[in-house]
């Protein structure tokens, strides 16, 4: 059953609320936060000191805001308090020298998506590198095959009378023949 002191000025566009410990600053900021979020659910802040989260207040236009119909509240309120800091500000622990601050739930979600994308990128990069290694192994095996086959042709044919024609026979010569025949 609280009533304001008549000497307190009206709220302005920006308002700073301060006072002694246990004077109700947190409760008041949570009422404003409930108006902002259109919800009285404070997941990390259960009932404190017997306060059950039921409130009722009147605006300067005469409308009444009640905790049970807070979803219909349309006050343009933004609250920056310790609850907001705990819920929305994250310091990137992977870079302690130069912390990056994420100031909204959307920014924190974007950061999570970025981290997931980085992990996906690492997996794809490892897969690509593995494929490149396999390709290099295949190319090396093909190269060795051509060298061995060309050497066998040179040695085998060299024993016949056409020896001069195959004297300089090598892997390039074999590749030309295979390309002409159409073998990959």
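The values are calculated or read from the model by the stated rules, or taken from the named source; none is laboratory data. Computed from a predicted structure; not experimentally measured. Every residue, glycine as well, gets a Cβ built from its backbone with ideal geometry; the counts of neighbours run over all protein chains shown.
Out of 92, 83, report the one residue that is under 30 Å from residue 60 (Cα atoms), modelled with pLDDT under 85 and in contact with a helix residue (DSSP H, G or I) (Cβ under 9 Å, 6 or more places away or on another chain). Show your work before the answer.
Values: 92 fails: under 30 Å from residue 60 (Cα atoms).
Testing whether each residue is under 30 Å from residue 60 (Cα atoms), modelled with pLDDT under 85 and in contact with a helix residue (DSSP H, G or I) (Cβ under 9 Å, 6 or more places away or on another chain) leaves just 83.
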- Quick one: how many residues across the stretch 40-73 are at pLDDT 80 or above and in contact with a helix residue (DSSP H, G or I) (Cβ under 9 Å, 6 or more places away or on another chain)? 7
